[in-house]
1. Condition first: not in a helix (DSSP H, G or I) and not aliphatic (A, V, I, L, M). Now tell me which residues in the stretch B:42-84 satisfy that.
2. Tell me yes or no: at least one residue of the stretch B:49-56 is closer than 30 Å to A:ASP70 by Cβ, at pLDDT below 95, in contact with a helix residue (DSSP H, G or I) (Cβ under 8 Å, 6 or more places away or on another chain) and within 13 Å of chain A (Cβ to nearest Cβ).
3. Here is a check on your reading of the model: is B:VAL90 in contact with a helix residue (DSSP H, G or I) (Cβ under 6 Å, 6 or more places away or on another chain), under 30 Å from A:GLU89 (Cβ atoms), outside any helix (DSSP H, G or I) and of a type in the set (A, V, I, L, M)?
4. Kindly indicate the residue of the stretch B:178-203 that is among the aliphatic types (A, V, I, L, M) and modelled with pLDDT under 90 and also nearest to B:PHE92 (Cα to Cα) among those meeting that condition.
5. Could you say which residue among A:GLY226, A:GLY241, A:GLY206, A:GLY220 is more than 30 Å from A:MET32 (Cβ to Cβ), of a type in the set (Gly, Ala, Ser) and touching a residue at least 12 places away in the same chain (Cβ under 8 Å)?
6. Residue under question is A:ARG165, and the condition is that it be modelled with pLDDT of 90 or more, part of a helix (DSSP H, G or I) and on the phi < 0 side of the Ramachandran plot; does it hold?
7. Here are some conditions: (1) surrounded by fewer than 20 Cβ atoms within 10 Å (Cβ to Cβ); (2) farther than 25 Å from B:GLN232 by Cα; (3) more than 9 Å from chain A (Cβ to nearest Cβ). B:ASP61 meets all but one. Which one does it not meet?
8. Taking the stretch B:1-23 only, how many residues are more than 8 Å from every other protein chain (Cβ to nearest Cβ) and of a type in the set (Ser, Thr, Tyr)?
Amino acid sequence: MENILEITGLCKAYEDFALKDVSFSLPKGFIMGFVGENGSGKTTTIRAILNMAKIDSGKISVFGLDSVNDTIAIKERLGVVFDSLYLAEHLNIKQIEQQLKPFYKDWDSEEFFSRIKEFDLPDNRKVGDFSKGMKMKLMIAIALSHKAELIILDEPTSGLDPVARDELLDILAEYIEDENRGVLFSTHITADVERIADYVTILHNGKVWYTGTKDELTEGYAVIKGAEEDIPSALKEKLIGFHAYRNGFDALVKTDDLAGIPDTLEYEKASIDEILVYIAKEDKHERHSKHHEI
Amino acid sequence: MRDILNIMRFDYLTAKPLALAGMIFTVVVFGTLSMFFSPIITTYMTFASMLFVIPLQGVADKSGFNKLYGILPVERKNITRARFLYIFLVHFLTELLEAVIICTAKGTTLYKILPNQNGETMQMVKQSFADTKLTLLMLFGMFTFFCLIFSFMEMMGQIFGRENEFKIIMIAIGTLSLLAFVFTFLSEHDLIPVVKLPSLPDTVSGMVTLGIVANVVIFVICLLFGEITANQLAKREL
């Protein structure tokens, strides 16, 4: 499978935060959910892909091109949706189209206005007066109008109502029907990822905690519950985010490690949300956090 | 070059809805006044050119243009260079427009239809229409002053931050004033030789030549300021 996005050994240090050896890849024709708690490094990674942040080391390749040396060629083929609008708020859609059109060789005005109509956006109102959902749709329309082959979304659904979120996911699902495209979708709303993503990358404290298919992730981890004294000693060290209550405990565990556990312990498949919560708990309990990769 | 032109067009389209009405108003008011009372009045239109420059940074900050600059397929340095060329072009086009209105005012001599042609005020009006050199001096002077000030402020604002812009301008004015004071004091007390400033040209053609030279010099300064700013900003992240 050809990768549309490939990040290898990305390191970027700020005073109070660092991305450490971030590596993952997104094959063509798929959607990757890029998840992690606030401050885990998702936006920094996206800024590095866009060459907005200068990387300390590592390599980012988009469409097989280098993100630093070929940044202009990459941006011709890249669409980006941020959590907030990046356009002049006092302009209307027609004026915005006039502004952006000359920058893209493949800009298609017909496509743009047909998307605007399809998304039900008023073309005579100031874009600053749009609702968050409308702003997000406008950014998608821009990305689609210059025939972007990869769309990167940075927390697009935060602050959106469920209807607008649902619409966005439908748009992305339709977009990815063309197998030469890709979507990197950063969010901390894991329900969206569970619904549309094929691949998931979990970032935690600036490191990749998991990268792989969504199915492997959700099949690979379980939430285990029961009485603390029933935990076999071999399993105890493998528990992630162990939390003891008055009547028992719960924790995250790899399904591979479940073999031979006593019947008194119950377990069920973990959701991505639960996985994120237990990763965070693991940190709070200051236990050794391993680099997990399936 | 295509990048730079696109960004200049982008800046113009950003400012246009905010500035156009004010610009038209200024052109109509000062244009009309200059037709009847003095061509020099036209040169006050230079103030209106700031309508196309001042709103840009506010809009950029409010609308998160940093993100947009990060995703547009444009070299980052060209975004900065374009802003300085835009400032020059706005002032240059205003200057051209003023020159056209001045020529029209002098050609049409509409002041002749005003009453009381022999009155003292009308003598001043006639004198003003006759003094082409002074009008040209004002035209080129206003262009030079405003274009220089705005491009300098743009450079300071982009390098040191908008919040420090005013402080830096004040420091610059203070330093220049101090230097001028020291220089004058030393000259008057014969501590340094008196330097004679070159006098202004006596002829209209000489004044036009001076104006062209001023335009070229300001253009070069804008390019230089743009290059300095672009190099400084290139070291930072968006």
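The values are calculated or read from the model by the stated rules, or taken from the named source; none is laboratory data. The structure presented is a predicted model; accordingly, all values stated were derived computationally and were not measured. Don't worry about glycine lacking a Cβ; one is built from the backbone with ideal geometry, like all the others, and counts go over all protein chains shown.
1. As a first pass, look at the stretch B:42-84 and keep what is not in a helix (DSSP H, G or I): B:53, B:63-64, B:72-75.
The answer is B:SER63, B:GLY64, B:PRO73, B:GLU75.
2. Keep residues of the stretch B:49-56 that are closer than 30 Å to A:ASP70 by Cβ, which gives B:56.
From the residues that got through so far, the ones that are at pLDDT below 95 too are B:56.
If we keep only those that are in contact with a helix residue (DSSP H, G or I) (Cβ under 8 Å, 6 or more places away or on another chain) as well, we get B:56.
Going one step further and asking which of them are within 13 Å of chain A (Cβ to nearest Cβ), we end up with B:56.
Within the stretch B:49-56, one or more residues are closer than 30 Å to A:ASP70 by Cβ, at pLDDT below 95, in contact with a helix residue (DSSP H, G or I) (Cβ under 8 Å, 6 or more places away or on another chain) and within 13 Å of chain A (Cβ to nearest Cβ).
3. no
4. Step one: filter the stretch B:178-203 for residues among the aliphatic types (A, V, I, L, M), giving B:178-180, B:182, B:186, B:191-192, B:194-195, B:197, B:200.
Now restrict to residues that are modelled with pLDDT under 90: B:180, B:186, B:191-192, B:194-195, B:197, B:200.
Working: B:ALA180: 29, B:LEU186: 38, B:LEU191: 41, B:ILE192: 38, B:VAL194: 35, B:VAL195: 32, B:LEU197: 26, B:LEU200: 22 Å.
Only one residue fits best here, namely B:LEU200.
5. Numbers: A:GLY241 fails: more than 30 Å from A:MET32 (Cβ to Cβ); A:GLY206 fails: more than 30 Å from A:MET32 (Cβ to Cβ); A:GLY220 fails: more than 30 Å from A:MET32 (Cβ to Cβ).
Only one candidate passes the filter, namely A:GLY226.
6. no
7. Looking at each condition in turn, B:ASP61 falls short on (2).
8. Summing the residues that are more than 8 Å from every other protein chain (Cβ to nearest Cβ) and of a type in the set (Ser, Thr, Tyr) in the stretch B:1-23 gives 1.
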